[in-house]
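Shown next, in structure tokens, is the structure this report addresses.
The values are calculated or read from the model by the stated rules, or taken from the named source; none is laboratory data. Just so it is clear, the structure is predicted and the values come from calculations on it, not from any experiment. Cβ placement follows ideal geometry from the backbone for every residue including glycine, while neighbour counts extend to all protein chains displayed.
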């Protein structure tokens, strides 16, 4: 065995697996990953009148307990609609880095929206309606968040129609721009695939979740252990982020 960290990626949508694993392949290929998928989580939330109740939280705690029992040293949840459940996991295991999917991207979006003379309005685009019910509360006070649902996009992705998914994401981003948003934040990992199309269509900064999340998890795991990361030894967090983005897995 080598000293590579072992992390658990916990998913509530099957579409989240590909973008986050692609980002690990790109920027942190040495990390050992385990993927846990329970797609009934999102389906049950969409049908439930109870929302994020104690039973849903218990399911997240159980998934995290399994991952930790299997040797995970950090956990990244990729399901953006379940913030309070993820908070419960982080409180249960404070010694382990437990990340929400969007916390790093939110910080980046706030910086982008409040610098360079921008007015601080963020367009939050999602394809899963419960995400827009829970995620705006995760932004800091004083930042205006405009939720925009790309209705029908997730169903198109489920059906394998990626062109329609991306077109509907672009339409939602354009609506956000028309409402005066300074930054477009794509709220779900599954939306990362639409980012190039959104960037071509909307003259605003466009932020996605996978790259920020992977870098944040990496920084948290190596926090206090300067010199142990073989690819970022001795680098500041900003410089390490640039280095990790430049890495590519060679065949």
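Meeting the requirement of 3 or more residues that are in contact with a helix residue (DSSP H, G or I) (Cβ under 7 Å, 6 or more places away or on another chain) and in contact (Cβ under 8 Å) with a residue 60 or more places away in the chain, the helices (runs of 4 or more DSSP H) wholly within the stretch 15-129 are 17-27, 103-113. Filtering 162, 148, 202, 198 for residues that are at pLDDT 90 or above, touching a helix residue (DSSP H, G or I) at 6+ places or on another chain (Cβ under 8 Å), over 22 Å from residue 112 (Cβ atoms) and not assigned by TED's automatic domain parsing to the domain that holds residue 94 leaves a single hit, 162.
Put simply, of 157, 221 the only residue that is over 22 Å from residue 28 (Cα atoms) and at pLDDT 90 or above is 157.
The residues listed here are 169, 133; of these, the one that is in contact with a helix residue (DSSP H, G or I) (Cβ under 6 Å, 6 or more places away or on another chain) and within 27 Å of residue 47 (Cβ to Cβ) is 169.
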